[in-house]
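Asks: The structure follows.
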Amino acid sequence: MESLYKLPRDRARFEAYLTLLQGSQKGDMHLPIAGYNPMGKGFVLDKIRELKKLGAEQLMEEAIKEVNEELRDQPLKEIEVTLNLVDDVGGAWSNRATVDFSSKFLIEPLIKRNFCTPHIWTSEQLTKDIIINRTKEYLFRTFYWTQHGKPKSLKDHVSQETYVASKIDYKGKDLHIDLKDAKDFYSQNQDSQDYSLLFNFFYGDKASEVLNYATYGSSENLGFIFSRYLARDKKHLGVNLNFFVE
């Protein structure tokens, strides 16, 4: 990708990107780099070099080894893991929240091709912990999918993210949401399969307003933070989720 972004921002770069993405079969996915903006500006190249300086691929390899060790008793499945640097800075490639939702909950095409694509955002202040945790999150999410398939209801989505959160060491970072409101929202809507409601629970009212979706008084990243609470203290919250894979 560094070599791609060194090319001039013209049609030739776009065609080079399509060749990498599709290989010799148009309309297929040969290399899972769909999150990249092929016409990204200079700051994308700078971010790629920052990832290289941090040793991102080496950190990802270590994370993969740790996950493989934890899942060593599970049936063998070969997955290709490819970091995707997604452009969410000025002139952004796409809406961050919708892309993030798709990368976590609508990954059936990737699963079928045995791909896993941890997402890093161009706006993020990169650290080694972000790279490691992001890789593990997407790996455990991929594994969960192989066991449970596509989440449909709100309960399914929360179960998936609770499983993922249970596997990550967030090093005691504080979580700030109104737990009662989150639990009430979840309890009342856990069987809903309405996309706009699911989207709102995980990304909040501000993200929903941009897309003219209904709002419910949800704070930013409510569903993800709620899932982390569930992973940490299920009995205290009094919410029953049978999400762990034995």
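Asks: Collect the residues in region 1-58 that are part of a loop (DSSP other than H, G, I, E, B) and among the polar types (S, T, N, Q), keeping them in residue-number order.
Replies: Selection gives Ser24, Gln25, Asn37.
Asks: Taking the condition at pLDDT below 95 and among the β-branched types (Val, Ile, Thr), does Thr127 pass?
Replies: No, not satisfied.
Asks: Here is a further query. Show me the helices (runs of 4 or more DSSP H) entirely contained within region 61-150 in which 3 or more residues are open to solvent by less than 30 Å² (accessible area, probe 1.4 Å) and without any contact (Cβ under 8 Å) to a residue 12 or more places away in the chain.
Replies: Where helices (runs of 4 or more DSSP H) fall fully within region 61-150, none carries at least 3 residues being open to solvent by less than 30 Å² (accessible area, probe 1.4 Å) and without any contact (Cβ under 8 Å) to a residue 12 or more places away in the chain.
Asks: May I ask you to verify whether Ala56 is open to solvent by 10 Å² or more (accessible area, probe 1.4 Å), of a type in the set (Gly, Ala, Ser) and in contact with a Leu (Cβ under 8 Å, 6 or more places away or on another chain)?
Replies: Answer is no for this residue.
Asks: Here's another thing I want to ask about it. Where residues in region 14-44 are open to solvent by 20 Å² or more (accessible area, probe 1.4 Å), of a type in the set (A, V, I, L, M, F, W, C) and in contact with a helix residue (DSSP H, G or I) (Cβ under 9 Å, 6 or more places away or on another chain), which of them is farthest from Thr122 (Cα to Cα)?
Replies: The residue in question is Met29.
The values are calculated or read from the model by the stated rules, or taken from the named source; none is laboratory data. Being a predicted model, the structure only gives us computed values, none of them experimental. Ideal geometry is used to build each Cβ from the backbone, glycine not excepted, and the neighbour counts take in all protein chains shown. Note: areas computed on protein heavy atoms with side chains; ligands, DNA, RNA excluded. Shrake-Rupley method; radii C 1.70, N 1.55, O 1.52, S 1.80 Å.
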